[in-house]
Amino acid sequence: MSKIALITGITGQDGSYLAELLLAKGYKVHGIVRRVALEDETHRLWRIKKILSEISLHAGSLESYAALFNVIRKIKPDEIYHLGAQSYVGHSFEDEFSTFNMNINGTHYILSAYKEFAEKKTKFYFAASSEMFGKVKETPQKETTPFHPRSVYGISKVTGYHLVKNYREAYNLHACNGILFNHESPRRGYEFVTRKISSGVARIKKGFQKKIKLGNIKSKRDWGHAKDYVNAMWLILQQDKAEDYVIGTGKQHSVEDFAQKAFAHVGLNYKDHIDIDENLIRPSEVNTLLADYSKAKKNLKWEPKISFDELVVNMVENDLKNIKEY
């Protein structure tokens, strides 16, 4: 019998890679999307367009408890991957209310539906975030590092993290948190700084623009590739005991490093093409994040395979190709 997986956020970067991974492992894959329409194939569903015939999509919203429990009751998943969220940190400063509503209530709703209607063997994964560490108390950050979130997004993820722990402890559910550090890919949304850089580099190289506006280029992050990280998600749910895991590379680079490597790949000096825009600097910045993923390495036998340099090149080359095709 094939395992059944349910993915919220299946149309996003992580959801699309995870769906492909699970299909390759023989799963029956289901996803929840706000609505399903043919015109979405070239817009909102572009990341999963190639696998649409292999997966089942269900119309629903994270803000609708009824929709979530109906899907779970209907398909009886073996594994639930809750990746859906308002995931752009910058936007969370502009719209606190929708961020809280989707990220906190959505997580609460799906946990409750999972508790009520899923089979006892069902396992649950929550996409927690390194943004929960915020103003870090220690470096590198591990599973026991205290949280000090510096954004509404980070606060919402801390709340989701504790909801998952509470449901695990109160109801003896197999519910896990994956505390994933920054992970990128050619499927990253254009609003994120890494994709803003890679697409900007491609457009500058092709003569479509001259500059990229960036905020705090000194911010340091632990960057990996989303393909590696969805494999970690799967491994977390294959364990007999439900636990929480930090997932990262253990290596740190600044936004400036990312830009330098991206421009260098196409033979340009990043200093000639970047303008610093003070309006892009967040009200409260997270200046440094670095993962200690030793627990995942020991228990899951997981390690990142794609290097930072390979990630940058992969994203730039993809955007160069997109411009050519356009």
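The values are calculated or read from the model by the stated rules, or taken from the named source; none is laboratory data. Computed from a predicted structure; not experimentally measured. Here the Cβ positions follow ideal geometry from the backbone for every residue, glycine too, while neighbour counts run over all protein chains shown. Side chains included, ligands, DNA and RNA excluded: accessible areas come from the protein's heavy atoms. Shrake-Rupley method; radii C 1.70, N 1.55, O 1.52, S 1.80 Å.
Within the stretch 127-167, track down each residue that is within 16 Å of Gly248 (Cα to Cα) and either of a type in the set (Asp, Glu) or touching a Gly at 6+ places or on another chain (Cβ under 9 Å) (or both).
The answer is Ala127, Ala128, Ser129, Ser130, Glu131, Met132, Phe133, Gly134, Glu138, Pro140, Gln141, Glu143.
How many residues, within the stretch 204-229, are part of a loop (DSSP other than H, G, I, E, B) and under 24 Å from Val286 (Cα atoms)?
7
What pairs come out if I take residues in the stretch 279-303 that are modelled with pLDDT of 95 or more and pair them with residues that are polar (S, T, N, Q) and open to solvent by less than 30 Å² (accessible area, probe 1.4 Å) whose C-beta lies under 6 Å away, six or more apart or interchain?
That search, which allows pairs on different chains as well, returns Leu289/Ser130.
Return the total of residues in the stretch 145-203 being crowded, with 20+ Cβ neighbours inside 10 Å and of a type in the set (Asp, Glu).
Final tally of qualifying residues: 1.
Taking the condition of being open to solvent by 60 Å² or more (accessible area, probe 1.4 Å) and more than 27 Å from Gly178 (Cβ to Cβ), how many residues in the stretch 210-233 meet it?
Residues in the stretch 210-233 being open to solvent by 60 Å² or more (accessible area, probe 1.4 Å) and more than 27 Å from Gly178 (Cβ to Cβ): 4 in total.
With the structure loaded, tell me whether Ala232 is closer than 26 Å to Lys305 by Cβ and in a helix (DSSP H, G or I) or whether it fails that test.
Considered against the rule, which asks whether it is closer than 26 Å to Lys305 by Cβ and in a helix (DSSP H, G or I), Ala232 comes out as yes.
Hey, Tyr190 hits all of (1) in a loop (DSSP other than H, G, I, E, B); (2) touching a residue at least 60 places away in the same chain (Cβ under 8 Å); (3) under 30 Å from Leu268 (Cβ atoms); (4) not β-branched (Val, Ile, Thr) but one; which does it fall short on?
Here Tyr190 clears every test but (2).
Please work out if Ala242 is in a helix (DSSP H, G or I) and surrounded by 14 or more Cβ atoms within 10 Å (Cβ to Cβ).
no
Restricting attention to the stretch 1-25, report how many residues are under 17 Å from the mean Cα position of the chain (by Cα) and open to solvent by 10 Å² or more (accessible area, probe 1.4 Å).
Looking only at that region, the number is 8.
Counting just the residues of the stretch 26-55 that are exposed (fewer than 14 other Cβ atoms within 10 Å of the Cβ) and in contact with a Lys or Arg (Cβ under 8 Å, 6 or more places away or on another chain), which one comes out modelled with the highest pLDDT?
Out of the qualifying residues, it is Gly26.
Hey, can you tell me all the residues within the stretch 166-211 that are aromatic (Phe, Trp, Tyr) and touching a strand residue (DSSP E or B) at 6+ places or on another chain (Cβ under 6 Å)?
Tyr167, Phe181
Can you find a residue in the stretch 246-266 that is modelled with pLDDT under 95, open to solvent by less than 40 Å² (accessible area, probe 1.4 Å) and under 22 Å from the mean Cα position of the chain (by Cα)?
Looking through the stretch 246-266, none of the residues is modelled with pLDDT under 95, open to solvent by less than 40 Å² (accessible area, probe 1.4 Å) and under 22 Å from the mean Cα position of the chain (by Cα).
Go through (1) free of Cβ contacts under 8 Å to residues at least 12 places away in the same chain; (2) assigned to a loop (DSSP other than H, G, I, E, B) and name the single condition Ala170 misses.
(2)
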